[in-house]
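Everything on this sheet refers to the single structure shown next.
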Amino acid sequence: MSEYRFHLQKYKYGSKISCPSCGKTRCFVKYVDAEGEIAFPDNVGKCDHENSCGYHYTLKEYFKDNPDVLARDQSVGEPFRAAIYKSIEKSPVCIAPSYIPSSFVDRSLSHYEINPLYKYLCNVFGEEETVRLFQLYHVGTSAKWGGSTVFWQIDINGQVRTGKIMCYNVKTGHRVKEPQAFVSWAHTELKLQDFHLKQCLFGEHLLKNSTSYPVMLVESEKTAVIMSHFIPDYIWLATGGKNGCFNSEAMQVLKNREVTLIPDLGATEQWKAKSALLLDVCKKVAVSDILERTATEEQRSQGLDIADFFLFSLTKRQILQLMIKCNPALQLLIDELDLELIE
C-alpha cells in the first residue's frame, strides 16, 4: 500500500476506465483516497496515452479548484491539512516491478502466419532474416484483432516487464490506427492481478552480453528491429514512444555507454531537452538531427522515423517481389531452377 493517503489507484483488472479527454477505453487511472472519505470525480486522474493524449488532472489542481473538499472532510484536522498537501507533492514510493513468466513469451514465438508485421518484413528482408530479427528481439504473436505483434520488454536481467501488443498493416508495415488505436498490453490481456508495471527499454536484454557496443535509441520498437538489420554494428533500443519509458530510472541501464538518440521527425527538440537525463549516466551522449536536416515538409508532417527513410529505398528482394507481381511466371521459373537471390 502507498504511504500516502491520496494516490493513483493500484492496477487490477477492470480498474481502468475511459479517458475523459481522448475517450479511449481502459486507459484512465483515477486518484483514490486510501481512507475512503473522499470520492474523486472520474476526471481526476491520468491517461496512459502520454503521447497521443497526455491528459493528467493532478490532485494539486483538483484541490486548488475545489478548496471546500478538504474542508468538508471531518476526518482531517487542521494540523494535518498542510501535511496532506505536502504529500501530494512528494515523489511516489519506489515499488518493485511485477514480472510476467517467460513461458508466456516462449508461447508467443510462433503462429507468425497471422502476424502482419512478420509477413510484411518477410517481403522486405526474406523469411530467414525476419526470423533472425524476431528471435533476437523476442518479438511474438498475439491472436488479438485476428493477429498482431507483441513487443516484449525484457530487462537486462532477463526479466519480462510486459509486452506491448500492436496491430500492423500487412501491405505497408504501418500501424493500424483507424477506427481506433489498436494497442494493448500483455499484463492487461493476461488479467494479472495486482500487477505493478514498470517499463524498461525495448531490446534492453541485448545489453547484457554486449558491453562494448554503442547504443542507438529510437522511439518505435519496430524501428529498432528494422534498423538492427540495416546497421547491425549498434545495439538498437526503443523507448516505446516519444516519452514512453524515457525517464531517469529506466536510463540507468545505459550507464557508461556511448548513446546516440535518433528521435522521430518533430520530436528532436524535446529529445534534446530530455537528453540531459543521460549526461551523468552515459560515457557519451549525442542527439542526431539528420532527419530534421534532410526531410521534406511532407515527411515532417507525417512524423517519419529513420526506418521509414531506409525502407524508402527498395531492397533487391522488394524489387524481385514487384517483378513477380507483374509476371507470376517468374516465380515458377525461380522454383523450377531452384534459384536463390543474392543480397
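For region 271-314, the tally of residues that are outside any helix (DSSP H, G or I), among the polar types (S, T, N, Q) and over 25 Å from Ser248 (Cα atoms) stands at 2. A search for C-beta distances below 6 Å between a residue of region 245-260 that is more than 13 Å from Cys200 (Cβ to Cβ) and any residue that is of a type in the set (Gly, Ala, Ser), counting only pairs 6+ apart in sequence or on different chains, returns Thr260/Ala286; Thr260/Ser288. Among the conditions (1) closer than 18 Å to Gly240 by Cβ; (2) among the hydrophobic types (A, V, I, L, M, F, W, C); (3) out of contact with any Pro (no Cβ under 8 Å at 6 or more places or on another chain), Val160 misses just one, which is (3).
Of the set (1) surrounded by fewer than 20 Cβ atoms within 10 Å (Cβ to Cβ); (2) under 28 Å from Lys208 (Cα atoms), all apply to Val183 but (2). When region 112-171 is examined, which residues are found to be touching a residue at least 60 places away in the same chain (Cβ under 8 Å), part of a helix (DSSP H, G or I) and surrounded by fewer than 20 Cβ atoms within 10 Å (Cβ to Cβ)? Within region 112-171, Asn123, Val124, Glu129, Leu133, Leu136 qualify. Among the residues of region 27-42, the ones that are touching a Cys at 6+ places or on another chain (Cβ under 9 Å) and assigned to a loop (DSSP other than H, G, I, E, B) come to 1 in all. With respect to being within 18 Å of the chain's Cα centre (by Cα), among the polar types (S, T, N, Q) and assigned to a loop (DSSP other than H, G, I, E, B), Gln180 fits the description. Of the residues making up region 213-232, those that are closer than 17 Å to Ala286 by Cα and not aromatic (Phe, Trp, Tyr) are Pro214, Val215, Met216, Leu217, Val218, Glu219.
One line per residue, one yes/no per condition, for (1) in contact with a Lys or Arg (Cβ under 7 Å, 6 or more places away or on another chain); (2) of a type in the set (A, V, I, L, M, F, W, C); (3) at positive phi:
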| position | (1), (2), (3) |
| --- | --- |
| Pro116 | no, no, no |
| Glu129 | no, no, no |
| Ile165 | yes, yes, no |
| Thr172 | no, no, no |
| Ala186 | no, yes, no |
| Glu189 | yes, no, no |
| Gln199 | yes, no, no |
| Glu204 | no, no, no |
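Contact map, region 16-39: first residue without any contact (Cβ under 8 Å) to a residue 24 or more places away in the chain and surrounded by fewer than 17 Cβ atoms within 10 Å (Cβ to Cβ), second residue among the aliphatic types (A, V, I, L, M) and not in a loop (DSSP other than H, G, I, E, B), Cβ cut-off under 9 Å, separation 6 or more or different chains; pairs are Thr25/Ile17; Ala39/Val32. Looking across region 258-267 at every residue that is in contact with a strand residue (DSSP E or B) (Cβ under 9 Å, 6 or more places away or on another chain) and surrounded by fewer than 19 Cβ atoms within 10 Å (Cβ to Cβ), the one that is nearest to Phe312 (Cα to Cα) is identified as Thr260. Just give me the residues in region 250-270 being part of a helix (DSSP H, G or I) and touching a Lys or Arg at 6+ places or on another chain (Cβ under 8 Å), in sequence order. Passing the criteria: only Gln270. Could you please let me know if Leu109 is closer than 24 Å to Cys200 by Cβ, surrounded by 23 or more Cβ atoms within 10 Å (Cβ to Cβ), among the aliphatic types (A, V, I, L, M) and more than 15 Å from the chain's Cα centre (by Cα)? Spelling it out, it is not the case that Leu109 is closer than 24 Å to Cys200 by Cβ, surrounded by 23 or more Cβ atoms within 10 Å (Cβ to Cβ), among the aliphatic types (A, V, I, L, M) and more than 15 Å from the chain's Cα centre (by Cα).
Yes/no per residue for (1) out of contact with any helix residue (DSSP H, G or I) (no Cβ under 6 Å at 6 or more places or on another chain); (2) assigned by TED's automatic domain parsing to the domain that holds Tyr213; (3) at pLDDT 75 or above; (4) under 24 Å from Tyr120 (Cα atoms):
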residue	(1), (2), (3), (4)
Cys282	no, yes, yes, no
Gln321	no, no, no, yes
Ile324	no, no, no, yes
Asn327	yes, no, no, yes
Leu332	yes, no, yes, yes
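Filtering region 23-81 to residues that are of a type in the set (S, T, N, Q), within 18 Å of Arg5 (Cα to Cα) and modelled with pLDDT under 80 leaves Asn66, Gln74, Ser75.
Residues that are surrounded by fewer than 19 Cβ atoms within 10 Å (Cβ to Cβ), in contact (Cβ under 8 Å) with a residue 40 or more places away in the chain and farther than 23 Å from Ser212 by Cα: does region 279-300 have at least one? Within region 279-300, not a single residue is surrounded by fewer than 19 Cβ atoms within 10 Å (Cβ to Cβ), in contact (Cβ under 8 Å) with a residue 40 or more places away in the chain and farther than 23 Å from Ser212 by Cα. Picking from residues in region 217-247 that are of a type outside the set (Gly, Ala, Ser) and farther than 21 Å from Arg161 by Cα, the one that is surrounded by the most Cβ atoms within 10 Å (Cβ to Cβ) is Ile226.
The values are calculated or read from the model by the stated rules, or taken from the named source; none is laboratory data. Keep in mind that what you see is a predicted model, and the values were worked out from it rather than measured. Using ideal geometry, Cβ is built from the backbone for each residue, glycine included, and neighbour counts are taken over all protein chains shown.
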